[in-house]
Amino acid sequence: MTRIEEKIGDASNVSRETKDAFRTYSAAIRSWTGRINLIARSDATDEAIWERHIADSLQILPLIPDGVDRAVDLGSGAGLPGLVVAIERRDIAVTMIESDRRKAAFLQTMVATLGLRASVRAERIEQVKIVPVPLVTARALAPLPKLLDYAVNFLSPDGVCLFLKGQSVDAELAEAAAQWRMRVERFPSRTAPGSFILRISELQRAA
């Protein structure tokens, strides 16, 4: 077993087909990053892609509520976490929103190459109109108040947001509390000390 397979096995119980999909995905990130900066070039190694990006995104999977069959990923970039969810959870139809057309082309190539149940919208988040979904995700996109402004337009009334956030999470939560009423659950990141995954539900604008 390779080190990559060991890392996948540590993060999630996945099939051989899924491991192959992640290897293809990792190789594509390395290749495309040389042209369009999908991730930092210093991260464009198998080790860094797994530890800093894919394993980080895999952490949200156990936090997805039962019964979710559709999701929207905001500002997908390299597909983190949208493509990771689409690879691991083939029962969830993932819509990835990415306004950078070069990055959107990468995402579309991965969807076609891996045969994923996913779609890509190469538009600004504010311009996208779709039927509300039970799950909205985002990673390294915007401060929490702005993320909630985006997410509320896509989230069904009983839906959940899963946001990967860094060390400024306390300040962002305090700022968001002035504008929003919500239930917040915090889960410490296993891959980035001091970072958290926020699971947000019962989202409503403050009166």
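Derivation of every value follows stated rules applied to the coordinates shown; laboratory data play no part. These numbers were taken from a predicted model, which means no experiment stands behind them. In this analysis, Cβ positions are derived from the backbone assuming ideal geometry, glycine residues included, and neighbour counts consider all displayed protein chains.
Here are the numbers for this structure:
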quantity	calculated
Descending principal axes extents, the chain, alpha-carbon based, whole Å	53, 34, 33
q = 0.12, 0.16, 0.19, 0.22 Å⁻¹, segment 92-207: log10 I(q)/I(0) [Debye, one scatterer per Cα]	-0.47, -0.82, -1.09, -1.29
Surface/4 of the Cα convex hull for segment 125-187, nm²	4.3
The chain, dipole about Cα centre (Lys/Arg Cβ +1, Asp/Glu Cβ -1), debye to the nearest 20	440
Protection proxy ranking of 48-61, 108-121, 138-151 - average other beta-carbon atoms within 10 Å, highest first	48-61, 138-151, 108-121
Extreme residue, positive dipole direction of segment 27-119, given options Ile60, Ala44, Thr33 (C-beta unit charges)	Thr33
Relative contact order [Cα under 8 Å, 6+ residues apart], the chain, whole percent	16
Nonlocal Lys pairs with alpha-carbon distance under 28 Å, segment 3-205 (8 or more apart, or different chains)	11
Segment Arg101-Glu175, length gained on full extension (0.36 nm per residue, minus Cα span)	23.5 nm
Percent of beta bridges antiparallel (DSSP, the chain, rounded to nearest 5)	45
Fewest-first ranking of Ile197, Ile64, using other Cβ atoms within 10 Å as the exposure measure	Ile64, Ile197
Gain in span if fully extended, Ala206 to Thr24, counting 0.36 nm per residue against the direct Cα distance	61.1 nm
